[in-house]
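The values are calculated or read from the model by the stated rules, or taken from the named source; none is laboratory data. As the structure is a prediction and not an experimental result, all values here were calculated from the model. Cβ placement follows ideal geometry from the backbone for every residue including glycine, while neighbour counts extend to all protein chains displayed.
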């Protein structure tokens, strides 16, 4: 019966747990580098966690370039296990996670689970989705939570009707100038009239 009480205590405290990205909505330009923190709010007895971060596949728009363990599970005299994150460029997905080590209780409260660094590769938008999330308490139980995805918004290839027509106009003008320049620089054939002039 005591085990049931412990489980109920965990179940009562855990539903308010929130996993989110901070900042959650990022804007940028190609070659920009930015960091996003994976955070937890209202955690209770969190012993281990894991998450997949999902971007647009095939490294279009943005890519993940670095991962740093956050301080949430760390503590005085507490060892943590931070496996090397696995990044699948084709799927646009990274698997990251962390765990405490040994017979200790889990962490509670708010904090940073990890910091992820991204680089913008090209124009476009990408979700920064949080999928396959697992929170595990010190008894090995999966814990409930609410998660909020993030997003990246960059310049678009579709320039819009007005800008697109301005670009087309500029290209036409450049072609016309180029064409005129080549005509004035190239020798023109001479034609003679019937009177020899």
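Annotations
- Residue list for the range 26-42, filter: closer than 30 Å to residue 105 by Cα and buried (at least 16 other Cβ atoms within 10 Å of the Cβ): 36, 37, 38, 39, 40
- Among (1) surrounded by 13 or more Cβ atoms within 10 Å (Cβ to Cβ); (2) at negative phi - the single one residue 45 does not satisfy: (2)
- Residue list for the range 81-90, restricted to those being assigned to a loop (DSSP other than H, G, I, E, B) and surrounded by 13 or more Cβ atoms within 10 Å (Cβ to Cβ): 82, 85, 89
- Just one of the numbered conditions (1) in a loop (DSSP other than H, G, I, E, B); (2) closer than 21 Å to residue 136 by Cα; (3) in contact with a strand residue (DSSP E or B) (Cβ under 8 Å, 6 or more places away or on another chain) is not true of residue 29: (2).
- Considering 140, 102, 109, the condition of being more than 15 Å from the chain's Cα centre (by Cα), part of a strand (DSSP E or B) and either farther than 28 Å from residue 29 by Cβ or touching a residue at least 24 places away in the same chain (Cβ under 8 Å) (or both) is satisfied by 109 alone.
- Residue within the range 184-191 that is modelled with pLDDT of 55 or more and either assigned to a loop (DSSP other than H, G, I, E, B) or under 27 Å from residue 45 (Cβ atoms) (or both) present: no
- Scanning the range 111-133 for residues that are surrounded by fewer than 15 Cβ atoms within 10 Å (Cβ to Cβ) and at positive phi returns a single hit, 132.
This table checks each residue for (1) modelled with pLDDT of 55 or more; (2) surrounded by fewer than 13 Cβ atoms within 10 Å (Cβ to Cβ); (3) in contact with a helix residue (DSSP H, G or I) (Cβ under 7 Å, 6 or more places away or on another chain).
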| site | (1), (2), (3) |
| --- | --- |
| 109 | yes, yes, no |
| 135 | yes, no, no |
| 149 | yes, no, no |
| 152 | yes, no, no |
| 171 | yes, yes, no |
| 176 | yes, yes, no |
| 179 | yes, yes, no |
| 193 | no, yes, no |
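- Members of the range 121-138 that are in contact with a strand residue (DSSP E or B) (Cβ under 8 Å, 6 or more places away or on another chain) and farther than 16 Å from residue 19 by Cβ: 121, 125, 126, 138
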